[in-house]
Amino acid sequence: MYFFYFYPLGLDRKRTCRPWLSWSLLLLMVVAFLWVRYFPDRGPVSPYDLAYYQGYSPAVNTITAIFLHGSWMHLLGNLLYLHVFGPPLEDRLGRVKFLIYFLIMGVGGNLLHGLTAALDLLGQGGAGVMGASGAIAGLLAFSLIRFHDARVEVAWWVLAPLGGHNKAGRSHVPLAAAVGFWLLLQIVQALLASETGANVSFGAHFGGFALGLFLALVMGELEAGRTEAVAAKAARYFREGQFHAATGSWTEYMIRQPEDLAARIELARAQKLCRMEGDSFGNYRRVFVAHLGAGRIPEALEVFDEASRGRGGHWLAPGDLAKVAYYKEKQLDYAGALDAYRQLFEAYPAHPEGQRALVRVIVLYHGKVADPVEARRWLRRARFEMPPGSWRDYLDREFNLAAEPREAVPAGRGTGPLI
């Protein structure tokens, strides 16, 4: 005789926020179990009055029964499944939707259990129900649609006492295979329930699972899952160093989700590594402008620093590059401001913003940075390259530009400061 057990340990899907609701549900179930197990006589009612019995219990018991469990194994099994599948779904659905779906699937599972009990099916005639198994089965079905390409880490144990076999391990398997195997086990055990006397509510399992499938399909989670699958594939390609494949997948994803700024940055990185600099800088620019327009200055500056590393700021328009320098100076990042001003002048020496940038470089070296040697070098450059106008008049007035010695213009004029 063989015994086989397996439990999920984790799903390969990232989260962007803490799953406070999932954790709260876990805590509520633990507290309710301790009440049922150790303090059933404490409180205004008996916890067993909150279980669901078809034909006897009020409708609210279809909800309260979800949070009650009869044994440690029953509780720990449901807690483990909720811990694995709840947080990623909560992250994508939002807390309100997740809670509503969780309750709907739990109530639906309890109602189907009531039907099987009333019809004396699966060996459960007249039996009541408690536990979150219906809701957990619904989460499995919902995840099967939403994360259809995901992989789940499972812990397994195979025991054959008569054959002397005892083996355990951990494996990563496709989520569809894991859920399909779980469903197959439920079907086999349900068909044998009358003979084995299993104390499991298969009606709740099947009811919750069916509702999870229905809700996920009706709410468009299959298409959302396909979109996320494209992003997951792109990220995997990037990790494996397949940058052209990553570029193709991120491009496909951006067609589906053009407003996803984080994904657009990933596309820009992949394009940069493929030496598609024009496309890469175009995507960096879109993200930079979006952050700047929304007032997310730190995020915009981070995008600038990443895109400009080793390349300079020529990918930005003069006005945007001037804003970068301004905000860095406002944040007292004078080294960063100087770098941005220098990039602005190098990229657009004839533009008014470029000429103003040259003046700011000289002013910062004279004042906040206090580097007279660099200030003198840039003053010499200004004498050669600053056209007549208000900015040159300003430098003449403040720094006596006309008194700077006229030296030979270096080769590669406009590519860097004089030495």
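The values are calculated or read from the model by the stated rules, or taken from the named source; none is laboratory data. The model shown is predicted, which means the values in this text are computed figures rather than measured ones. Note that we place each Cβ from the backbone using ideal geometry, even for glycine, and neighbour counts take in every protein chain shown.
Any residue that is closer than 30 Å to V107 by Cα and either outside the structural domain of R92 (by TED's automatic domain parsing) or of a type in the set (S, T, N, Q) (or both) - is there at least one of those in the stretch 174-185? There is no residue in the stretch 174-185 that is closer than 30 Å to V107 by Cα and either outside the structural domain of R92 (by TED's automatic domain parsing) or of a type in the set (S, T, N, Q) (or both). Restricting A235, A268 to those that are without any contact (Cβ under 8 Å) to a residue 60 or more places away in the chain, in contact with a Ser or Thr (Cβ under 9 Å, 6 or more places away or on another chain) and either under 15 Å from R311 (Cβ atoms) or surrounded by fewer than 16 Cβ atoms within 10 Å (Cβ to Cβ) (or both) reduces the list to A268.
Selection of first residues in the stretch 251-262 that are in the same structural domain as Y237 (by TED's automatic domain parsing) and surrounded by 11 or more Cβ atoms within 10 Å (Cβ to Cβ) and of second residues that are among the basic types (K, R) and part of a helix (DSSP H, G or I), restricted to Cβ pairs under 7 Å at least 6 apart or on distinct chains, gives the following pairs, ordered by first then second residue: M254/R264.
May I ask you to verify whether P298 is surrounded by fewer than 20 Cβ atoms within 10 Å (Cβ to Cβ), assigned to a loop (DSSP other than H, G, I, E, B) and under 23 Å from the mean Cα position of the chain (by Cα)? No. Taken as a whole, the structure leaves G55 outside the set of residues that are under 28 Å from L144 (Cβ atoms) and either crowded, with 20+ Cβ neighbours inside 10 Å or in the same structural domain as V152 (by TED's automatic domain parsing) (or both).
The residues of the stretch 73-115 that are part of a helix (DSSP H, G or I), without any contact (Cβ under 8 Å) to a residue 24 or more places away in the chain and surrounded by fewer than 17 Cβ atoms within 10 Å (Cβ to Cβ), listed by number, are M73, L76, V96, K97, I100.
A Cβ distance below 8 Å, combined with a sequence gap of six or more or placement on separate chains, defines the contacts here; from the stretch 377-399, residues that are touching a residue at least 40 places away in the same chain (Cβ under 8 Å) reach residues that are β-branched (V, I, T) and surrounded by fewer than 17 Cβ atoms within 10 Å (Cβ to Cβ) in the pairs R377/I419.
Note on the stretch 358-378: among residues that are aliphatic (A, V, I, L, M) and within 21 Å of A322 (Cβ to Cβ), the one that is farthest from the chain's Cα centre (by Cα) is A375. When we screen D305, D279 for residues that are crowded, with 16+ Cβ neighbours inside 10 Å and either outside any helix (DSSP H, G or I) or under 41 Å from the mean Cα position of the chain (by Cα) (or both), the only hit is D279. A single entry from A178, A150, A155, A127 fulfils the requirement of being closer than 27 Å to A51 by Cα and touching a residue at least 24 places away in the same chain (Cβ under 8 Å): A127.
No other residue among V200, V230 is of a type in the set (A, V, I, L, M), modelled with pLDDT of 95 or more and touching a helix residue (DSSP H, G or I) at 6+ places or on another chain (Cβ under 8 Å) apart from V230.
For the stretch 133-148, indicate whether the set of residues that are of a type in the set (D, E, K, R), assigned by TED's automatic domain parsing to the domain that holds L80 and closer than 22 Å to L25 by Cβ is non-empty. For the stretch 133-148, residues of a type in the set (D, E, K, R), assigned by TED's automatic domain parsing to the domain that holds L80 and closer than 22 Å to L25 by Cβ: present.
Considering the stretch 361-404, the residues that are in contact with a Phe, Trp or Tyr (Cβ under 7 Å, 6 or more places away or on another chain) and among the β-branched types (V, I, T) include one that is farthest from R342 (Cα to Cα), namely V369. Can you find a residue in the stretch 27-50 that is in the same structural domain as F202 (by TED's automatic domain parsing), surrounded by 11 or more Cβ atoms within 10 Å (Cβ to Cβ), modelled with pLDDT under 95 and touching a strand residue (DSSP E or B) at 6+ places or on another chain (Cβ under 8 Å)? No, the stretch 27-50 contains no residue that is in the same structural domain as F202 (by TED's automatic domain parsing), surrounded by 11 or more Cβ atoms within 10 Å (Cβ to Cβ), modelled with pLDDT under 95 and touching a strand residue (DSSP E or B) at 6+ places or on another chain (Cβ under 8 Å).
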